[in-house]
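*Asks:* Handing you a structure now.
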Amino acid sequence: MRSFEKINFLIATLGKLVIALFRPRLWPPFLIYLAITLILVFALVSMFSSFFSGLMIPLVVFVSSTRALHFPDHLALLPFIFERLNWAPSLLLESLLTTAAILMFASYFRREKVDFRSSLKTAARFYPKLLLVWIIDFLLIYLLFLFLPRLFSDFASGSPRRQMALSVGLQGLQILLSSLFIYVVPVLVIAKKSLLSSFTTSFKLFFRNFFTTYFILGIPQLVMLPLVLALQNSASIVQKFNPQLMVMLTVLLACMMTLRSFFVYGSVVRFYLEVSEE
C-alpha cells in the first residue's frame, strides 16, 4: 500500500467507524468499561459519604495526599486521582474488554456475525498474555511521565507556555510508545501467533507503517488534547469558575476516553486486516 493509498484508507476507515457508532452490537465492551469509570468518578465525588468513605478515603490519600480531603482541593485533584485509581481497572479489565472489542471489530469488517459473549470467551483464554502486554505498555508510559517532567522541570518552571509545550510533547511521546505495541493484541488473538512473535510483528508493522500507525492513535488523542490540557490546570479552573465544573469535565474525560478507544482499536483492526492480507 502506497503512501497516498494509506491516507485514503485511513480517511475511509474513520468514515466507516462513524457509521459503526450506530451498530449497537459493537458497543458492549466499551459501555461496560465506561460504566466502570463513571462509577469510579461517582465514588470519588461521594467519597465523604458513609457508603464510600471507608474504602475511598484511604485510596485517595494513598495516591495523592491529605490535601485531597479538603474542599475545594478534592475537586481540583479529581482528574489526577481518577487517572491514578483508574490504573487498576484498566490493567485488570480494560485489557480483556478491549481484546473482545478487537475480535468483534475483526468480525464486523469481515462481515461476519458480531458476538460479544463468544469474543469475551476467546479473549479470556489469552488473559495472562494480555495482562503482560498491558503491564509492559503501562510501565513504559508511567516511566515516561515520571522522569521526563523532572528532567525538564527547570526548562518549564515559571513559564505556562513551556509547561504546555512539555505536556504536548509528553502526549506525543506517549502515542509513540503505544504505537509500538498497538498491533500486539490483534496479532495475538486474530492471527493466533505466539506472544514473542506478536511483539516482533507489531514492531515490524509499526516501523513499516510509521505515519499511518502514529496518526491512527494521534488523531483521537489530538481531539482530546484541549480537555487534557485543561484538566492539567484544574486548580485554576476551581479558583476562577465553579468547582463542580471539575466533576463535569472528569465525566466528559471518561466519555471521550471511551470514544477514543472505539476509534483507535477499530482503525487498528481494519488496518491490520488490510496489511496482513497483502
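The values are calculated or read from the model by the stated rules, or taken from the named source; none is laboratory data. The structure presented is a predicted model; accordingly, all values stated were derived computationally and were not measured. As a convention, Cβ positions derive from the backbone with ideal geometry for all residues, glycine included, and neighbour counts pool all protein chains shown.
*Asks:* For the structure I just gave you, tell me whether F215 is among the aromatic types (F, W, Y) and either more than 20 Å from the chain's Cα centre (by Cα) or in a loop (DSSP other than H, G, I, E, B) (or both). So that I can check it myself, show each step before the final result.
*Replies:* Values: among the aromatic types (F, W, Y): yes; either more than 20 Å from the chain's Cα centre (by Cα) or in a loop (DSSP other than H, G, I, E, B) (or both): no.
Considered against the rule, which asks whether it is among the aromatic types (F, W, Y) and either more than 20 Å from the chain's Cα centre (by Cα) or in a loop (DSSP other than H, G, I, E, B) (or both), F215 comes out as no.
*Asks:* What is the one condition in (1) among the aromatic types (F, W, Y); (2) at pLDDT 90 or above; (3) surrounded by fewer than 15 Cβ atoms within 10 Å (Cβ to Cβ) that F271 does not satisfy?
*Replies:* Answer for F271: the failing condition is (3).
For (1) exposed (fewer than 13 other Cβ atoms within 10 Å of the Cβ); (2) more than 25 Å from V184 (Cβ to Cβ); (3) modelled with pLDDT of 90 or more, each residue gets a yes or a no:
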residue: R125; (1), (2), (3): yes, no, yes
residue: L131; (1), (2), (3): no, no, yes
residue: W134; (1), (2), (3): no, no, yes
residue: D137; (1), (2), (3): no, no, no
residue: Y142; (1), (2), (3): yes, no, no
residue: P149; (1), (2), (3): no, yes, no
residue: D154; (1), (2), (3): yes, yes, no
residue: G158; (1), (2), (3): yes, yes, no
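*Asks:* Here are some conditions: (1) surrounded by 13 or more Cβ atoms within 10 Å (Cβ to Cβ); (2) part of a helix (DSSP H, G or I). A12 meets all but one. Which one does it not meet?
*Replies:* Status for A12: all satisfied but (1).
*Asks:* Please count how many residues of the stretch 229-248 are surrounded by fewer than 16 Cβ atoms within 10 Å (Cβ to Cβ) and within 18 Å of L34 (Cα to Cα).
*Replies:* 1
*Asks:* Could you tell me which of the residues S65, S50, S3 is modelled with pLDDT under 90, small (G, A, S), farther than 21 Å from V247 by Cα and surrounded by fewer than 15 Cβ atoms within 10 Å (Cβ to Cβ)? Even if it seems obvious, please write down each step before you answer.
*Replies:* Numbers: S65 fails: farther than 21 Å from V247 by Cα; S50 fails: farther than 21 Å from V247 by Cα.
Answer to the selection: S3.
*Asks:* Given the conditions (1) at pLDDT below 90; (2) not in a helix (DSSP H, G or I), report the number of the one that G172 does not fulfil.
*Replies:* (2)
*Asks:* Then there is this: Residue under question is L196, and the condition is that it be among the hydrophobic types (A, V, I, L, M, F, W, C), farther than 19 Å from L91 by Cβ, over 21 Å from the mean Cα position of the chain (by Cα) and in a helix (DSSP H, G or I); does it hold? Break it down stepwise before answering.
*Replies:* Values: among the hydrophobic types (A, V, I, L, M, F, W, C): yes; farther than 19 Å from L91 by Cβ: yes; over 21 Å from the mean Cα position of the chain (by Cα): yes; in a helix (DSSP H, G or I): yes.
Here the answer is yes, as L196 does meet what is asked.
*Asks:* Is there a residue being closer than 16 Å to L195 by Cβ and in a helix (DSSP H, G or I) anywhere in the stretch 103-119?
*Replies:* Applying the first criterion (closer than 16 Å to L195 by Cβ) to the stretch 103-119 yields none.
Looking through the stretch 103-119, none of the residues is closer than 16 Å to L195 by Cβ and in a helix (DSSP H, G or I).
*Asks:* Residues of the stretch 17-30 being in contact (Cβ under 8 Å) with a residue 24 or more places away in the chain, exposed (fewer than 14 other Cβ atoms within 10 Å of the Cβ) and assigned to a helix (DSSP H, G or I), which ones?
*Replies:* Across the stretch 17-30, the qualifying residue is only R25.
*Asks:* Within the stretch 73-86, can one find any residue that is within 30 Å of F241 (Cβ to Cβ), touching a Phe, Trp or Tyr at 6+ places or on another chain (Cβ under 8 Å) and of a type in the set (A, V, I, L, M, F, W, C)?
*Replies:* No, every residue in the stretch 73-86 fails to be within 30 Å of F241 (Cβ to Cβ), touching a Phe, Trp or Tyr at 6+ places or on another chain (Cβ under 8 Å) and of a type in the set (A, V, I, L, M, F, W, C).
*Asks:* Residue by residue through the stretch 47-60, note down the ones that are touching a helix residue (DSSP H, G or I) at 6+ places or on another chain (Cβ under 9 Å) and part of a helix (DSSP H, G or I).
*Replies:* Scanning the stretch 47-60 gives L55, M56, I57, L59, V60.
*Asks:* Between a residue in the stretch 99-116 that is closer than 21 Å to V184 by Cβ and any residue that is assigned to a helix (DSSP H, G or I) and aromatic (F, W, Y), which pairs come within a Cβ distance under 6 Å, given they are 6 or more apart or on different chains?
*Replies:* Going by the 6 Å Cβ cut-off, the qualifying pairs are A101/Y265; I102/Y265.
*Asks:* Just one of the numbered conditions (1) exposed (fewer than 14 other Cβ atoms within 10 Å of the Cβ); (2) at pLDDT 90 or above; (3) closer than 23 Å to W27 by Cα is not true of P58; which one?
*Replies:* Only one criterion is unmet by P58, namely (3).
*Asks:* Please tell me if L44 is surrounded by 18 or more Cβ atoms within 10 Å (Cβ to Cβ) and either assigned to a helix (DSSP H, G or I) or touching a His at 6+ places or on another chain (Cβ under 9 Å) (or both). Steps first, answer last, please.
*Replies:* Numbers: surrounded by 18 or more Cβ atoms within 10 Å (Cβ to Cβ): yes; either assigned to a helix (DSSP H, G or I) or touching a His at 6+ places or on another chain (Cβ under 9 Å) (or both): yes.
When the stated conditions are applied, L44 passes them.
*Asks:* List pairs: first residue in the stretch 119-133 and closer than 15 Å to S90 by Cα, second residue of a type in the set (F, W, Y) anywhere in the structure, Cβ distance under 9 angstrom, at least six positions apart or on different chains.
*Replies:* V133/F181; V133/F199
*Asks:* Considering only the stretch 105-121, state which residues are under 22 Å from the mean Cα position of the chain (by Cα) and not aromatic (F, W, Y).
*Replies:* A106, S119, L120
*Asks:* While we're here: Which of the residues that make up the stretch 173-209 are surrounded by 15 or more Cβ atoms within 10 Å (Cβ to Cβ) and not hydrophobic (A, V, I, L, M, F, W, C)?
*Replies:* Q174, S178, S179, Y183, P186, K193, S198, T201, S202, N209
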